[in-house]
Every structure is written in structure tokens, then in C-alpha cells.
Amino acid sequence: MAAIRALPDLLVNQIAAGEVVERPAAALKELIENSLDAGATQVDVDIAGGGVRRMRIADNGSGIEREDLALAVARHATSKIAVPSDLEAIATLGFRGEALASIAAVSRFAIASRAAGRPHAWRLEVEGGAVRPVAPAALAPGTTVTVEELFYNTPARRKFLRTESTEWAHCDESFRRLALAHPEVGFTLQHNARAQQRLLAGGRQGRVVALLGAAFADNAARVDAEAAGVALAGFAVRPAYAAQGTPAQYVFVNGRFVRDRVLAHALREAYRDVLHHDRAPSYVLWLSLDARRVDVNVHPQKTEVRFRDSGAIHEFVRRAVERALAASAADQPAVSAAEKLGLAAARTPPLGPGTGARADPGSGFAVAAQGGLALASAEPSAFYARLFGPREDARRETALPATGDDHPLGFALAQLHGVYVLAQNRDGLVLVDMHAAHERIVYERMKASLGASVPTQPLLVPAAFAAEGREMAAVEEHAEALAALGFDVAPLGPGTLAVRGIPAPLADADPVALARAVLHDLSEYGGSDVLAAHRDEILATMACHAAVRANRSLTVAEMNALLREMEATERAGQCNHGRPTWYQLALADLDRLFMRGR
Ligand SMILES: Nc1ncnc2c1ncn2[C@@H]1O[C@H](COP(=O)(O)OP(=O)(O)OP(=O)(O)O)[C@@H](O)[C@H]1O
Ligand SMILES: [Mg+2]
């Protein structure tokens with residue numbers, strides 16, 4: 001083995017660049033974040049060639065003094081933190097002092113800056129890691145960074161760049177995230193000399209309208225909640241208007257776009273009972289809390305965070321959004337009836353217009369609950385509390401009853417409101433949430449076939465659809481993952497994709513909706529080993545799409561087939577989101593309900 005030696009600075013920075021700037025969009029993000037940290041009120045972005053050829057970010061922020069310019073591009077040099085305890089409460093977007101050094105190591109780089117009160121600017125160029133002497137320059141107060149020919153000296157990285165339009169789509173998305181996160185700042189964006197965005201500084205609503213359209217804001221419930229120093233504000237699209245295609249999902253924590261499992265789960269839960277399963281909710285939410293309560297130093301690109309008290313944040317976000325959706329729904333008699341009766345703890349789903357049959361059983365049961373209470377007996381209300389009540393209770397793993405019976409889930413009697421299957425077994429009544437149960441079965445089936453490679457069911461007629469930039473990019477980038485999942489999706493022309501085959505185990509699903517949902521996941525999770533890292537989430541998305549819809553009437557034979565499949569499927573007692581798929585009502589429970597002494 002060769003002798004051990006310290007690496008030269010350039011090489012160290014290039015290695016770091018591999019993590020910090022994996023593509024132009026990541027460099028763009030770092031540069032705009034620096035402008036925001038510098039207190040800019042206007043940021044102008046000019047991009048050429050998908051960000052590979054050139055990126056120029058000009059701001060009117062605090063600027064950098066002449067003597068600090070060289071430090072700005074040095075590794076581990078930052079003005080944002082100074083002592084270890086600063087890491088406990090990071091209030092800026094940057095803090096590592098790594099971004100500029102990394103970008104400058106893999107591009108032809110220049111930074112020009114004029115600090116407040118200085119008569120002119122100073123400019124510094126870095127090429128291939130070599131820092132040139134500082135020279136005077138003309139510039140309004142603020143900073144302009146120019147990055148040209150990204151990865152020109154790291155051919156291995158350059159090879160991984162995709163087409164110009166794909167890289168541009170990623171840049172556009174980076175820009176959107178930052179512009180949505182910071183409506184108080186004005187932004188412009190150009191690509192290849194064409195104006196793409198001109199965003200005036202203003203409020204959140206104006207920014208959402210400018211970037212996501214007026215229809216989004218019109219059809220969204222306002223979220224505005226605060227408790228114990230944590231605030232959540234923003235817009236959550238009402239269930240009836242939820243998109244069938246790619247949803248817009250933006251969550252910002254203290255001004256930073258994040259992808260966080262805790263928050264994503266809380267939002268899924270908030271929509272769970274009011275949203276049709278083939279639809280995905282769109283939302284733009286700003287969460288603010290004391291910087292000490294969230295750790296942002298957990299991910300190279302700073303897109304993940306860790307909450308010190310994730311349980312409380314989950315609960316807070318779920319309730320805030322649930323409440324906002326409920327309040328904006330037109331009529332909600334079941335909820336108010338239940339609430340008036342002091343059943344607030346009993347979880348009755350808020351009803352929204354067009355929320356589909358999932359909401360109906362809620363109203364039916366709430367009315368029954370009313371009747372139960374009228375008997376003034378403690379027993380029935382305890383029973384209802386158990387049925388609807390604390391989530392922890394409902395979430396526990398339901399094991400198949402060990403009756404020794406051939407058919408522990410019994411035989412189907414009927415279907416209720418297009419949602420539940422009622423079956424009779426030895427112990428009494430079995431209630432099955434047919435979508436949730438089927439989802440679990442499909443999920444396990446997909447998981448089993450993914451072991452090898454999922455077979456593709458070619459479509460007789462390919463299904464074409466108008467695709468968004470991100471979707472086009474996902475097809476290009478994740479061709480392997482798509483093939484492994486059993487998809488055959490290919491571009492048909494600019495902005496058009498064709499689905500030519502779907503996973504054989506999901507042959508009944510709507511091909512376009514299914515493919516778009518998976519493309520959304522792929523582009524959201526990203527990364528070269530996306531399938532290894534996010535297999536379960538992606539399979540869950542697919543299962544949800546392919547599972548039998550609420551409101552589909554099933555024959556008794558179909559219902560029995562479902563029950564038999566559930567018995568044969570591992571973990572059939574819980575759906576992919578962790579909620580139970582069936583519930584046993586013992587005869588004794590029913591007897592108690594009717595005060596039938598046995
Ligand atoms: N647009 C800008 N305006 C004013 N100062 C800037 C600007 N860009 C960079 N700086 C200065 O240069 C320093 C280094 O920037 P760099 O992005 O490398 O690190 P950072 O922002 O401190 O941390 P991180 O690596 O997490 O982004 C910053 O700390 C800041 O002082
Ligand atoms: Mg920075």
C-alpha cells in the first residue's frame with residue numbers, strides 16, 4: 001500500500017463538492033441561500049445551459065469586505081457560527097463554511113462584492129482551486145457570484161450530469177423552493193436569456209399565487225396555528241381539489257425547505273380520512289420554531305432536519321392541518337354533533353365536499369353514537385371511545401385471532417357504504433376496511449416480486465400524458481428503478497410521456513395515475529440508489545394506487561376472496577400506513593351495546 005499523506009486542498013474541496021454540489025441545482029441553492037443569509041431583499045438569478053454553462057446570482061445584501069473575500073472561498077471559513085454551542089441553535093441557512101470553497105473547486109468561479117458604505121466593489125476569481133489576487137470592480141452594494149463550466153475539471157462528475165432540460169428543471173425547482181420559503185424577498189429568474197420569473201417581495205399568499213397559481217390558493221384551506229412557541233402557517237388544498245397528478249408539496253422549517261418523515265407522516269395523517277386514495281394533497285406550509293428545538297446539521301444538503309421533540313411536532317402539525325381542513329369544509333354535521341355531545345376525543349373524520357365515501361361511515365357512526373349516549377349509559381360511550389378513540393389504541397397491531405378456525409376472518413355478509421366489508425366469524429362481527437386491506441395485500445405481493453424483478457404488463461394502447469419537467473427528468477434519471485419496478489415509461493416528445501407497460505401485479509391500476517405517483521416519489525426522494533433507500537415508501541405509493549377504491553361494490557364472492565387473501569398475507573392486520581385493516585366486534589361487545597345481559 002502507498003504511504004499515507006494529507007490531501008492537497010483542491011482535492012479535499014473537490015471531494016467535499018461531491019456531497020455539497022452534486023449538480024447545478026445544488027450549487028444554485030447554496031448561492032441563493034448565501035444571499036438570503038446576507039439579508040438581501042432582492043436576488044436576481046441568471047442561468048445558461050441548465051446551470052452547467054453559467055449561473056450568476058446577484059444580491060443586494062450586506063456584501064463582503066475586501067479582506068474577507070479570500071476567506072469566503074476558503075474551506076471551513078464562515079461568518080455564521082463561531083463556537084460549538086452555536087451549532088445548537090442555527091439561525092442561518094448556511095453554517096459550515098463549505099459551499100463556496102466546494103463550488104469554486106469544481107468551476108470557473110468569481111465573486112464580486114461591495115460592502116455597505118464602501119466606494120466600490122472588490123472581485124476575486126478562483127480557477128481550478130487557484131485563488132487570484134483581489135481586484136477592484138464596479139458593482140452596486142451587494143454580492144454577485146458567477147459560476148461557469150461547472151465540473152469542467154472533474155470529468156467523473158460531469159459525466160453524471162443529465163440533459164440541459166433536466167438540469168434546468170432541477171434548477172427551477174431549487175429556485176421555487178427558496179422563493180416560496182422567502183416571500184419577503186424579491187426574485188427574478190432567467191434561463192438562456194429568457195425571463196422565467198419576476199417575483200415581487202410581498203406576503204405568502206401573493207408568492208403562492210405567483211408560483212403555484214391562483215387556483216391553488218383559492219382551493220386551499222388557510223392553516224394558521226400557534227402553540228408553545230411553535231407556529232404553522234400556510235395553505236393546504238381542500239380534499240375535493242387535491243390533484244390527481246403530481247402534487248405540490250412544500251414544507252419549510254425556519255425558512256428552509258425540508259423533506260422530513262415526521263412532517264410528511266403528520267400531513268398524510270391529517271388528510272387520511274378526507275382524501276380519496278388516488279389523490280395526493282398539495283400544500284405549502286411554513287413551520288417556525290425556536291432554532292434550539294430543531295437540528296439542521298444532519299444532512300450534507302441540509303434538506304433533512306431532526307426535531308428535538310418530534311412526537312409533539314407531529315401531533316401539532318397533524319391537528320393544525322386537520323382542523324384547517326375541517327373548518328373549511330362546507331358542512332360537517334357529524335363532527336359538530338359529536339363535538340356537542342362531548343365526543344371530541346372520539347375521532348370522527350371531518351367531512352369535506354366530495355370527500356368520497358370514506359367520510360360517510362363516520363357520519364353514520366356519529367349518529368349511532370348519539371343514540372348510544374341518549375341511553376345515558378357509560379358502557380356504550382366507553383365502547384365508542386374504544387372504537388374511534390385514542391389513536392394509539394387503534395394503531396396497535398391486530399393479530400389474527402388464534403381460533404384454530406380455517407377462516408379466522410369468517411365469511412362476508414355485506415358491504416357497508418362502499419367502504420367496509422362486514423363478515424361473520426365465530427366470535428361475532430368482523431369489519432374490514434376494504435381499501436386498506438387490499439392495499440396491504442398488493443403491497444406484500446409487490447414486495448415479494450421485487451425480489452427478482454417485477455414483470456411488466458405491456459399496455460395494448462400506450463397511455464400518453466402531458467408531463468411536467470420534474471416528471472420528464474425522473475424518467476431520464478431513474479430509468480433503472482422504473483424498469484425494476486415493472487414500468488415501461490418513455491418520452492414521446494417534448495413534455496409528453498407515454499406509459500407502455502405497468503407492473504404485472506398491478507395490472508388493474510390506472511396506468512397514468514400510477515406512473516405519475518411513482519415518478520413523483522422518485523423525483524422527491526432522488527439519489528442514485530433511490531430504490532434501495534426508499535423501497536418501502538415507493539411500494540406503498542404503488543399499493544395505494546392499485547388497491548380497490550372505496551365505492552366499488554364487491555360481490556359476496558369477491559369479498560370472501562379478499563378475506564381469504566388477507567388471511568394468507570403477512571401482516572394483513574395493518575395497512576401500509578400503520579392503521580388497522582380490520583376490527584373484531586365480539587358478540588359480547590354487541591350485547592353490552594344493547595345492554596343485553598348474558
Ligand atoms: N452573497 C453573499 N453575501 C454576503 N456574504 C456572503 C455571500 N456569500 C458568501 N458570503 C460569506 O462567505 C462565507 C462563506 O460562504 P459559504 O457558503 O461557503 O459558507 P456558509 O454559508 O457560511 O456555510 P455553508 O457551507 O453551510 O453554506 C459566509 O459565511 C459569508 O460570510
Ligand atoms: Mg452558504
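The values are calculated or read from the model by the stated rules, or taken from the named source; none is laboratory data. Here the structure is a predicted model, which means the values were calculated and not measured. Glycine also receives a Cβ, built like all others from the backbone with ideal geometry; neighbour counts cover every protein chain displayed.
Restricting Gly206, Gly186, Gly213 to those that are out of contact with any helix residue (DSSP H, G or I) (no Cβ under 8 Å at 6 or more places or on another chain) and at positive phi reduces the list to Gly213. Within segment 412-466, which residues are small (Gly, Ala, Ser), surrounded by fewer than 15 Cβ atoms within 10 Å (Cβ to Cβ) and over 26 Å from Leu519 (Cα atoms)? If the condition is that a residue be small (Gly, Ala, Ser), surrounded by fewer than 15 Cβ atoms within 10 Å (Cβ to Cβ) and over 26 Å from Leu519 (Cα atoms), then Ala414 is the only one that fits. Look at Val45 and say whether it is crowded, with 19+ Cβ neighbours inside 10 Å, within 15 Å of ligand 1 (Cβ to nearest atom) and modelled with pLDDT under 95. So Val45 fails the test. In segment 505-518, which residues are part of a helix (DSSP H, G or I), within 17 Å of His438 (Cβ to Cβ) and out of contact with any His (no Cβ under 9 Å at 6 or more places or on another chain)? Hit for segment 505-518 is Pro505, nothing else.
Quick grid of which residues meet (1) within 12 Å of ligand 1 (Cβ to nearest atom); (2) surrounded by fewer than 18 Cβ atoms within 10 Å (Cβ to Cβ):
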site	(1), (2)
Asn60	yes, no
Asp68	yes, yes
Ala77	yes, yes
Ser85	no, yes
Leu100	yes, no
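Confirm whether Glu471 is under 24 Å from the mean Cα position of the chain (by Cα), assigned to a helix (DSSP H, G or I) and over 30 Å from Ala25 (Cβ atoms). Against the criterion (under 24 Å from the mean Cα position of the chain (by Cα), assigned to a helix (DSSP H, G or I) and over 30 Å from Ala25 (Cβ atoms)), Glu471 does not qualify.
Considering only segment 40-47, I want to know if a residue exists there that is outside any strand (DSSP E or B) and closer than 19 Å to Trp122 by Cα. The answer is yes; a qualifying residue exists. Look at segment 408-428: where a residue is among the basic types (Lys, Arg) and a partner is buried (at least 22 other Cβ atoms within 10 Å of the Cβ), sitting 6+ places away or on another chain with Cβ atoms under 9 Å, you get Arg426/Gly410. Quick test for you: out of Asp488, Asp508, Asp529, pick the one residue that is surrounded by fewer than 20 Cβ atoms within 10 Å (Cβ to Cβ), at pLDDT 90 or above and among the acidic types (Asp, Glu). Asp488 is the lone residue from the list that is surrounded by fewer than 20 Cβ atoms within 10 Å (Cβ to Cβ), at pLDDT 90 or above and among the acidic types (Asp, Glu).
Results for (1) surrounded by fewer than 18 Cβ atoms within 10 Å (Cβ to Cβ); (2) over 15 Å from Glu65 (Cα atoms), shown as yes or no for each residue.
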{"site": "Ile111", "(1), (2)": "no, no"}
{"site": "Gly117", "(1), (2)": "yes, no"}
{"site": "Ala130", "(1), (2)": "yes, yes"}
{"site": "Thr154", "(1), (2)": "yes, yes"}
{"site": "Thr163", "(1), (2)": "yes, yes"}
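Of note, Phe235 does not satisfy the criterion of being at pLDDT 95 or above, hydrophobic (A, V, I, L, M, F, W, C), within 22 Å of Gly39 (Cβ to Cβ) and buried (at least 17 other Cβ atoms within 10 Å of the Cβ). Taken together, the criteria place Leu161 among residues that are within 30 Å of Glu471 (Cα to Cα) and modelled with pLDDT under 95.
Within the bounds of segment 98-110, is there any residue that is away from ligand 2 (no atom under 16 Å from the Cβ), more than 23 Å from Arg23 (Cα to Cα), hydrophobic (A, V, I, L, M, F, W, C) and touching a strand residue (DSSP E or B) at 6+ places or on another chain (Cβ under 9 Å)? Within segment 98-110, not a single residue is away from ligand 2 (no atom under 16 Å from the Cβ), more than 23 Å from Arg23 (Cα to Cα), hydrophobic (A, V, I, L, M, F, W, C) and touching a strand residue (DSSP E or B) at 6+ places or on another chain (Cβ under 9 Å).
Within segment 45-66, is there a residue that is in contact with an Asp or Glu (Cβ under 6 Å, 6 or more places away or on another chain) and within 15 Å of ligand 2 (Cβ to nearest atom)? No, every residue in segment 45-66 fails to be in contact with an Asp or Glu (Cβ under 6 Å, 6 or more places away or on another chain) and within 15 Å of ligand 2 (Cβ to nearest atom). For the condition more than 9 Å from ligand 1 (Cβ to nearest atom) and not acidic (Asp, Glu), Ala38 does not qualify. Collect the residues in segment 1-21 that are assigned to a loop (DSSP other than H, G, I, E, B) and without any contact (Cβ under 8 Å) to a residue 60 or more places away in the chain, keeping them in residue-number order. Correct list: Met1, Ala2, Ala3, Ile4, Arg5, Ala6, Leu7, Pro8. Name the residue that is farthest from ligand 2 (Cβ to nearest atom), counting only residues in segment 22-39 that are among the charged types (D, E, K, R) and in a helix (DSSP H, G or I). Once the filter is applied, the top-ranked residue is Lys29.
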